[in-house]
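The block underneath contains the structure these notes are about, expressed in structure tokens.
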Amino acid sequence: MDGNIFMDEEEYQKALEEREEMLRNEPIKFRKLTPEEIEELKKQGKI
């Protein structure tokens, strides 16, 4: 190893493809917000 801690373009593209593949196959977990959580988000102006 030459001490270079950065990826070259080929390594970057391969890592990016692996990450995208993982994200495509990873199930996303959702849950319903409680009324209290909804109220807090409204107070914060987020919804």
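The values are calculated or read from the model by the stated rules, or taken from the named source; none is laboratory data. This structure is a prediction, so every number in the text was calculated from the model and none was measured. Note that we place each Cβ from the backbone using ideal geometry, even for glycine, and neighbour counts take in every protein chain shown. In case anyone asks, the SASA skips ligands and DNA or RNA and just uses the protein heavy atoms, side chains included. Shrake-Rupley method; radii C 1.70, N 1.55, O 1.52, S 1.80 Å.
Electrostatic tally near Pro35: other residues with Cβ closer than 14 Å to its Cβ, Lys and Arg +1, Asp and Glu -1, net 0.
So what's the back-of-envelope 222 nm ellipticity for the chain, counting only DSSP H runs of four-plus at -39500 (n - 2.57) apiece and dividing by all residues, rounded to 500? Present the calculation step by step, with values, prior to reporting the outcome.
On the way: 2 runs with 26 residues, N = 47.
It comes out at -17500 deg cm²/dmol, rounded to the nearest 500.
If you run the Gaussian network model on the chain, springs between alpha carbon atoms under 10 Å, then out of Glu26, Glu17, Glu36 the most flexible one is Glu36. What is the local net charge at Glu18, summed over the other residues whose Cβ is closer than 14 Å to its Cβ (Lys, Arg +1; Asp, Glu -1)? Local net charge: -3. For Met22, the accessible surface of its heavy atoms amounts to roughly 110 Å² (probe 1.4 Å, protein chains only, rounded to the nearest 10).
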